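The block underneath contains the structure these notes are about, expressed in structure tokens.
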């Protein structure tokens, strides 16, 4: 079996989760077993609705879980920390059953202090050798970048929001 890769989608631009969803669709199209765990994001996003529906399709092997309540300020609650820890524990529990695991917005969870970078690094080092893992979110810590096989940085050149255009359902969330 091929060596599993660690991929990082980071940066200030849009498209980190969207790129991970492209990998999910590719993996599912090849009949692979996929896990998608969201940290931070709220329930009311197009991708969460899509993933919830897709996870119900028993002809596909997708495990979807959300381990965040949405926006977390600079002083996260214990509930936010507990949700993040539960998400990483779920990742550890599922690792042996999957071919691809997406840890969506885990970089943000780390930067907010919800979970430690060292804990994530330990998980990556101890995962089954054939498991591919995608980490998304702004501000990926250097120690995780050093562990990654592929790192992609999305860079914002222009964003309509900065010109006063409100976030667009189906495009931005």
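The values are calculated or read from the model by the stated rules, or taken from the named source; none is laboratory data. Being a predicted model, the structure only gives us computed values, none of them experimental. All Cβ positions, even for glycine, are placed from backbone atoms using ideal geometry, and neighbour counts span all protein chains on display.
Here is how the numbers come out for the structure above:
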{"read-out": "Members of the range 136-147 that are assigned to a loop (DSSP other than H, G, I, E, B) and either exposed (fewer than 12 other Cβ atoms within 10 Å of the Cβ) or without any contact (Cβ under 8 Å) to a residue 40 or more places away in the chain (or both)", "value": "141"}
{"read-out": "Identity of the residue in the range 25-52, in contact with a helix residue (DSSP H, G or I) (Cβ under 7 Å, 6 or more places away or on another chain) and assigned to a loop (DSSP other than H, G, I, E, B), that ends up farthest from residue 105 (Cα to Cα)", "value": "33"}
{"read-out": "Residues that are touching a strand residue (DSSP E or B) at 6+ places or on another chain (Cβ under 6 Å) and surrounded by 13 or more Cβ atoms within 10 Å (Cβ to Cβ), drawn from the range 148-173", "value": "148, 151, 152, 153"}
{"read-out": "Count of the range 77-135 residues which are assigned to a loop (DSSP other than H, G, I, E, B) and at negative phi", "value": "12"}
{"read-out": "Search result, residues across the range 53-73 that are outside any strand (DSSP E or B) and either in contact with a strand residue (DSSP E or B) (Cβ under 6 Å, 6 or more places away or on another chain) or free of Cβ contacts under 8 Å to residues at least 12 places away in the same chain (or both)", "value": "53, 54, 55, 56, 57, 58, 59, 68, 73"}
{"read-out": "Test: residue 85 is at pLDDT 95 or above, closer than 19 Å to residue 119 by Cβ and surrounded by fewer than 20 Cβ atoms within 10 Å (Cβ to Cβ)", "value": "yes"}
